[in-house]
Amino acid sequence: MQNTANAEEVLVLEDGQAPPTGTTTPPRKPKWYDTFEYIANPDRFCRKNLQEYGPIFNTGVFGRTTIFVGSAKAIQMAFNGDLKYTEIALPATTMDMFGEYSLFQRPDLHRQRKNALAPGLTGRVLDGYTPQINDAIVRGIDSWTALSSIALYPAVEQICFDILTPLLLGISLDDYHPETFKGLPISSKAELKALYKTYFDGFYGLSQWKSPLTKYGRGLLARTKLLEFMRAVVRRRRDEGKVMNPTADFLSMMLASQQENPDGVFSEELIENQCLLQLWASDYEVSGLISSLLYQIARHPQVLLRLREEQASLVGNSPVNMFSPEQLKQMVFLDATIKETLRTLPPSSTASRLLTKSVVLDSILYSKGCVIIAEPRIAHMMPEYFHEPDVFAPKRFLPERGEGKMYEFIPFGGGVHACLGAQMAIAITKVFVSHLLQTFNWETTGEPKFVQFPLKHLTDDYQIKITRRA
């Protein structure tokens, strides 16, 4: 039976109201060095404290009492408290990088904005992107044919960027054709990516000192330049004089909606900020997921064999250049393998909420003013939820096993702040891996190293061996 909390189980305390008799607080006292240990290796930090204190414990991460939770009931409580007893809680530097028009800054407008943005990244519109995704991947991996090894994460990221820029912004940037940068304040993809890296590095700066000497200060400057780039992209799209097709790409959807309702949700500032944030989040998260998935498949030959058997049953053994949305939806074992990769190598925590009121759940007091972090690195390692959690076993996500229930498996968060681009990330990953399965064999080259924080992914220097299939 699924162990989740009903709304009535969460007791919300008014100011001055005493908790029920027998209520306890989470174990462990916050320590001054918690932030450094967590940033250095979130996996190790979570596993160590899970073993010692259980799935709910206090920390001093990011300078305040922060309660890490991995139990399904506590995660559900954290996800579903928005506007009732929680609000978004991220470091001040992070909120500055997101900007005042992000979905996080105005919780009262979050649902309206998210509902308006979702059609550009989900459902039939997302299905319509499939030919573009296929074409970009086929072109991208063709350059791998002459190689015997590749640096996995950079090679994947390069292709993902070439997929996402047209899907999200409606433009293609080509370093071999300078005219693709005409009217834009950058002259190469490398320059744009460097700005994004500087911007992302500023998210978790140690102070809000606006100086080029600090990561935060450099991040803010990069953010300003990225917004100038997005503004120029929007201007170029309008100057083309074409009728905006809302199903063509993410930016077209927003511009078409703005044309239809100039006083609606899509202000100029919101459009520019969403272009900036969606390209950043999608490129980092999709690239990290695909490279981790390829690494896990290479480590488990029996998984690779079953993936190829599933693909052959759907499209035969002859090479194809196009995987349709219908075929992708039938790739059940590939879907399970993606989920198992997200379980074993989750990219980040999925919720950070400030308690605006004290609440009691299962006789544990979560005090007003504390922060709750829902951690997949805890939930995904709990044997109560996943049999032999240290084993990589995609079949646990098949219907007959039925593991990975809501609030126990949280790779994309949940509640009103669940990841907007989750469906697109899975679709791109499925197409990418499907083409690799029919084109290449690949092998690992020793133990990998990972960038641990803020988003986990393989380091740039990790290589895999590749050979083209006969």
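Observations, loosely collected:
- Subset of region 162-180 [outside any loop (DSSP other than H, G, I, E, B) and out of contact with any Ser or Thr (no Cβ under 8 Å at 6 or more places or on another chain)]: 163, 167, 169, 179
- Looking at 69, 138, 61, just one residue is of a type in the set (A, V, I, L, M) and farther than 25 Å from residue 407 by Cα, and that residue is 138.
- Scanning region 281-301 for residues that are open to solvent by 20 Å² or more (accessible area, probe 1.4 Å), farther than 25 Å from residue 224 by Cα and assigned to a helix (DSSP H, G or I) gives 298, 299, 301.
- Looking only at region 238-280, and only at residues there that are touching a Gly at 6+ places or on another chain (Cβ under 6 Å), modelled with pLDDT of 95 or more and open to solvent by less than 70 Å² (accessible area, probe 1.4 Å), the one that is nearest to residue 166 (Cα to Cα): 249
- Candidate set: region 346-386, residues that are closer than 28 Å to residue 456 by Cβ and of a type in the set (D, E, K, R); chosen: the one most open to solvent (accessible area, probe 1.4 Å): 384
- If the condition is being in a loop (DSSP other than H, G, I, E, B) and either on the phi > 0 side of the Ramachandran plot or surrounded by fewer than 18 Cβ atoms within 10 Å (Cβ to Cβ) (or both), then region 90-141 contributes 99, 100, 105, 106, 122.
- Lone unmet requirement of (1) out of contact with any Leu (no Cβ under 8 Å at 6 or more places or on another chain); (2) within 22 Å of residue 435 (Cβ to Cβ); (3) open to solvent by less than 10 Å² (accessible area, probe 1.4 Å) for residue 146: (3)
- Single residue of region 387-427 satisfying the filter (aliphatic (A, V, I, L, M) and in a helix (DSSP H, G or I)) that is surrounded by the fewest Cβ atoms within 10 Å (Cβ to Cβ): 416
- Summed over region 187-220, the residues that are aliphatic (A, V, I, L, M), open to solvent by 10 Å² or more (accessible area, probe 1.4 Å) and within 25 Å of residue 238 (Cβ to Cβ) give a count of 1.
- Residue within region 302-314 that is in contact (Cβ under 8 Å) with a residue 12 or more places away in the chain, surrounded by fewer than 23 Cβ atoms within 10 Å (Cβ to Cβ) and hydroxyl-bearing (Ser, Thr, Tyr) present: no
- Among (1) over 16 Å from residue 432 (Cα atoms); (2) in a helix (DSSP H, G or I); (3) open to solvent by 30 Å² or more (accessible area, probe 1.4 Å), the one test that residue 318 misses: (2)
- Close pairs from region 22-44: first free of Cβ contacts under 8 Å to residues at least 60 places away in the same chain, partner hydroxyl-bearing (Ser, Thr, Tyr) and part of a loop (DSSP other than H, G, I, E, B), Cβ under 7 Å, at least 6 apart: 30/65
- Test result for residue 37, under 23 Å from residue 415 (Cα atoms), within 28 Å of the chain's Cα centre (by Cα), among the acidic types (Asp, Glu) and open to solvent by 50 Å² or more (accessible area, probe 1.4 Å): no
- Candidates 432, 440 - the one that is in contact (Cβ under 8 Å) with a residue 24 or more places away in the chain, of a type in the set (Phe, Trp, Tyr) and buried (at least 20 other Cβ atoms within 10 Å of the Cβ): 432
- Lone unmet requirement of (1) more than 24 Å from the chain's Cα centre (by Cα); (2) at pLDDT below 95; (3) part of a helix (DSSP H, G or I) for residue 306: (2)
- Taken together, the residues in region 46-89 that are aromatic (Phe, Trp, Tyr), open to solvent by less than 10 Å² (accessible area, probe 1.4 Å) and modelled with pLDDT of 95 or more amount to 2.
- In region 433-470, the residues that are more than 21 Å from residue 141 (Cβ to Cβ), in contact with a Gly (Cβ under 9 Å, 6 or more places away or on another chain) and in a strand (DSSP E or B): 451
- Test: residue in region 331-345 that is in contact (Cβ under 8 Å) with a residue 24 or more places away in the chain, of a type in the set (Phe, Trp, Tyr) and buried (at least 21 other Cβ atoms within 10 Å of the Cβ): no
- Cβ-Cβ under 6 Å pairs, at least 6 apart or on other chains, region 268-289 side in contact (Cβ under 8 Å) with a residue 24 or more places away in the chain and more than 28 Å from residue 452 (Cβ to Cβ), far side open to solvent by 20 Å² or more (accessible area, probe 1.4 Å) and outside any helix (DSSP H, G or I): 269/101; 270/101
The values are calculated or read from the model by the stated rules, or taken from the named source; none is laboratory data. All values reported here derive from a predicted model rather than from experimental measurement. Glycine also receives a Cβ, built like all others from the backbone with ideal geometry; neighbour counts cover every protein chain displayed. Side chains included, ligands, DNA and RNA excluded: accessible areas come from the protein's heavy atoms. Shrake-Rupley method; radii C 1.70, N 1.55, O 1.52, S 1.80 Å.
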